[in-house]
Amino acid sequence: MNETFSKIIAWFKKWFYYLFDKYEWLLSFLLKIKDVKVNKEKFTRAVVKHFYKKQDRDAMFQKAMETSLCDVLSPEQQRKYYKRMMWQYGSAVFLTSFFLTFVPDIVWVTILSCVVDLVIFQCLLFIAMQKTLILYGEECDLSKAEEQGVERLIAIDSSGLMIGKYPLLQKMKSVLGWLGKQVVRRIGPRLIQKFSRTGLVIVRRQAIKWFSIVLAKEHINVMFDMIIPFTCAIISGVVSAIIFVPMCNKLRKHIILQHHHSDQP
């Protein structure tokens with residue numbers, strides 16, 4: 001019995017490591033896409049342009065390229081630009097998951113939408129990681145040292161530094177969003193019928209009293225059918241955002257802490 005159990009465990013470990021190797025290969029492939037690579041010079045110029053007037057931009061840009069953005073930006077300016085980035089990319093992953101939730105409930109379409117959602121999520125995460133590293137003075141330029149840069153970003157992404165105690169959570173993000181959609185769609189109507197019947201009756205009475213509108217049960221069902229897809233989409237989008245932003249926040253805090261320790265005598 002123990003021997004059989006050990007064989008099963010060994011088989012699962014073998015497949016887990018195989019799938020993990022394939023996952024890391026996929027990540028390295030995504031980092032070779034041109035639009036996923038952050039151009040350090042272009043990004044630095046955009047940051048400097050955001051904080052300095054025209055007459056000072058060239059000098060500050062040259063200084064930032066020779067040293068780092070930490071030498072031309074105050075901690076408050078870095079924090080403001082980082083928050084701006086998180087609003088931008090957090091909104092992007094939210095909207096991606098939001099709109100992909102509206103795909104038809106066909107198995108292969110759902111699986112494809114989950115894959116697309118996860119790929120876009122990971123690409124945006126890599127872009128945000130590179131910009132965060134550059135913004136806080138870390139060397140990150142895939143155009144100069146692609147192989148080392150790719151290995152470093154994958155190591156950061158796969159480590160507990162960004163994922164924390166639950167490494168499978170980020171990998172299964174799209175699936176969790178899809179499951180949330182199914183739960184709301186299938187259980188939501190039953191819960192409302194069971195616990196909100198009194199509230200629906202009051203709404204119907206008030207509608208008749210205030211607007212002379214008669215809301216039949218069929219009308220309420222139609223309204224509910226319209227609300228459910230949006231509720232599902234919001235759930236899927238929120239799942240993406242609440243995983244994406246904290247991961248980037250952990251990376252930012254780690255870099256700041258590293259710099260703080262290096263500055264101490």
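The values are calculated or read from the model by the stated rules, or taken from the named source; none is laboratory data. Quick caveat, the model's predicted, so the values are computed rather than measured. All Cβ positions, glycine included, derive from the backbone under ideal geometry; neighbour counts span all protein chains shown.
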Practice item. Kindly indicate whether any position in region 104-111 is in a helix (DSSP H, G or I) and either more than 30 Å from G237 (Cβ to Cβ) or in contact with a helix residue (DSSP H, G or I) (Cβ under 7 Å, 6 or more places away or on another chain) (or both). Key: yes
Check your understanding: Looking at (1) surrounded by 13 or more Cβ atoms within 10 Å (Cβ to Cβ); (2) modelled with pLDDT under 90; (3) closer than 24 Å to V36 by Cβ, can you tell me which one M129 breaks?
Key -> (2)
Practice item. Would you kindly identify the helices (runs of 4 or more DSSP H) lying entirely within region 1-98 that contain at least 1 residues that are modelled with pLDDT of 90 or more and either over 20 Å from the mean Cα position of the chain (by Cα) or not acidic (D, E) (or both)? Key: 40-51, 54-66
Practice item. State whether the residues of region 219-230 include one that is surrounded by fewer than 17 Cβ atoms within 10 Å (Cβ to Cβ), modelled with pLDDT under 80 and among the polar types (S, T, N, Q). Key: yes
